[in-house]
Structure formats: C-alpha cells, structure tokens
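Working notes, structure below.
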Amino acid sequence: MSSGIRFDRVSVAYDGTTVLDTLDLTVRPGEVMALLGPSGSGKTTALRAVAGFVRPASGRVFIGDRDVTDLPPHRRGIGMVVQQYALFPHMRVDANVAFGLKARKTPKSETAERVAEALETTGMAAYARRYPRELSGGQQQRVAIARALAIRPDVLLLDEPLSALDAQLRSGMLAELARLHRELPDVSVLYVTHDQVEALTLADRIAVMDRARLQDCGTPQELYRRPRTEFTASFVGNANLLPVKVGSGAVTFAGRELSVATGDAAPGAHATLCVRPHLVGLGDGPNALRGRIAEVQWRGATHRLYADVDGHRVIADLRELRQPPDLGDDVTLHFAPRDAVLLAAGVTGAQGRR
C-alpha cells in the first residue's frame, strides 16, 4: 500500500459555513507536511478529512493511489495522535498501545511483537506496565505516538500533539519526533500546528492556511526567506512589513529611497517590503532608517528594539547589547538590499502540488 496524501479540491462545510475551501494539496510519500495557521483557518478540518471524521461537501481525498473519501476511518491505514492523547486511564501502557491492533483482530503473537517494537521506538519500553496517570505529559504523548505507530500506518496524522506540554518538554519532543521521522522514512506525516517553531523545525514543507484556504506552500526556508504574501511573512516568523512605492531599482518608504530588488514590479505601484527583524542592524549602513525608540525588550541572548519611523513600527533583533538605547532615544537602523523581499499587493493563494 503506497504512502502519500492528496487533497483534490476538497471543501467542507458546517451548517452552510465553509470551513475548508477547495483545498488542492499533495503530501509526498515519506514527507512531513505541516499545516500551519491560526485557529479557524481550516487546518484541523483538513486533517479530519484525511482521518475520515468529516465528510467533504465536494472534492476527493486520496491516500497513496486509493480514493478513501468514502471509506470509514479504520479502513484508511492511518495512525493519529490528538492534543490530549486520548489514552484509556484504566489500561496499562502496553494495553493502550495494543488497542488498535486488537480492533484489527491482529494475532496475539504479532500484537505483542508490534507493541514491543513501538514502545522501543518511542523510548517507552520500560514503562509498559504503568498506567497513564503514572506518566508525565511527555511520556503520555510518547505512548500515544507508539499506539499510532503500532498499526504500521502509511500515514501519521498529528493534531497539535505538543500543545499540552510546557516549553522544555515541547523542545525535547520536537527532537524525538524528528528522530522518529528519520527512522520511519516511508511514513507520510500530516502535522497540524499553530506554532511556527514546530513547523520550521519538523516539516519538509509547510502549507500556510488562513480563512479556510491554502495561502502558501513551500519549504521552511522558502517561506521564511522569500515569502510570497504578507500573511505568510507575518505568520512564518516575525517580519517588518513596510508600505512602499516602487521606483526604478528602488522603493520609497516614508519619503526615503531604499535600494532593493524590485523584480517585475511596475514603477509607481504600491507594494509591501518585508525585512526580518534579525536582519536589521543598529547604526549607519545601507538603507538607513532614522527613528525613535518606543520599546526595548531584553530576551536573554538578544535585545528586541521597537522604533517609530515616521509613524511606522520597525523591529530589530540584535545580539545582546552591552548598552541598549533608552526609550525616546533617536537611532538609525539599516538593512542590506539583499535581505529585503518585495511583496506585490494582492498576491494570495498557492498551489500545494509542486
């Protein structure tokens, strides 16, 4: 049975309200695809359409070369991990992991072998006889993943699996999920999250969702370094989004001419200039912006400066400064021409099949 997921113009509606609008997206065999977006963007609905928990109003869902749109969940060959893990509190760890196998009437000898394998893979073999209440949140999450892997799925669906963990546990589990992906290269993973760090860390590609539609799709590096839309720029990492007017080989921002690549943008057009805060420097340099400090935040290894530049907020993330500027100080910020991306007005949508 082949891996991979394909949404073919899938739409889902509840009580006449469209919550997923004509989604075209392909998850390649062995790929981790993150669905990233705010609450209500349609990402969880897309995952539930793959799982078989919601019925598309139109369009088809494929797993590998099989059209699974009309199949019940247990016949789709998927494993799924949800936010609260959904472990059975009255069952020990090994019984929880065996649950899906027993539902499939897997022979006892094979069930025992697969349970042991899944617990070993997730580092939970020593906890097989414990109850969920005797485990930490991170350990419970590993058991939920082991249960999903025990059935040897073609597709693994992860719905905000780290949202219930604290920051330290989340970081450790990100590393564990990355390791699992390396050890299970044939399993396609659809990972729903609103956390950009999780998406950037784990995903081979990210599908950015908003208002029930796919807005952009690409590798983490593509979306971070060269976003296509303002929404992508602001949701995948932090961004300075400056309104500019296009000139010949330059743009004008707040009366200042800035040297950036304008590409095919027509002179006289209005656009948005995207500059990541960590690429903004303090002091004189190319594309100088003079403003006044409105806020200074110390973030351990960095200082974040918020400057008012003619009524526009400009953010600079700088390595920890020995003497950061004070509120109200006049400062000069700058950025290199190659570090700015010009976003044309009105660019929306994306194709996920590339």
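Quick notes
- Of the criteria (1) surrounded by fewer than 22 Cβ atoms within 10 Å (Cβ to Cβ); (2) closer than 22 Å to Gln83 by Cβ; (3) touching a residue at least 12 places away in the same chain (Cβ under 8 Å); (4) among the hydroxyl-bearing types (Ser, Thr, Tyr), which one Thr193 fails: (1)
- Residues that are crowded, with 17+ Cβ neighbours inside 10 Å, in contact (Cβ under 8 Å) with a residue 60 or more places away in the chain and in a strand (DSSP E or B), drawn from region 33-73: Met33, Ala34, Leu35, Leu36, Ile63
- Applying the criterion of being without any contact (Cβ under 8 Å) to a residue 40 or more places away in the chain and more than 32 Å from the chain's Cα centre (by Cα) to the residues of region 308-324, the residue that is nearest to Leu241 (Cα to Cα) is Pro324.
- Counting only residues that are in a loop (DSSP other than H, G, I, E, B), of a type in the set (A, V, I, L, M) and either buried (at least 20 other Cβ atoms within 10 Å of the Cβ) or not assigned by TED's automatic domain parsing to the domain that holds Thr26 (or both), region 119-150 holds 1 of them.
- Qualifying residue in region 226-238 (condition: in contact with a Cys (Cβ under 7 Å, 6 or more places away or on another chain), within 19 Å of Ala316 (Cβ to Cβ), among the small types (Gly, Ala, Ser) and not assigned by TED's automatic domain parsing to the domain that holds Arg28): yes
- Residue check, Leu87 more than 27 Å from Ser11 (Cβ to Cβ) and either of a type in the set (Asp, Glu) or part of a loop (DSSP other than H, G, I, E, B) (or both): yes
A quick yes/no check of all residues on (1) more than 9 Å from the chain's Cα centre (by Cα); (2) not polar (S, T, N, Q):
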residue	(1), (2)
Gln196	no, no
Leu200	no, yes
Ala203	no, yes
Ala207	no, yes
Arg211	yes, yes
Gly249	yes, yes
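The values are calculated or read from the model by the stated rules, or taken from the named source; none is laboratory data. Everything numeric in this text was worked out from a predicted model, so none of it was measured. Neighbour counts are summed over all protein chains in view; Cβ atoms, including those assigned to glycine, are modelled from backbone coordinates with ideal geometry.
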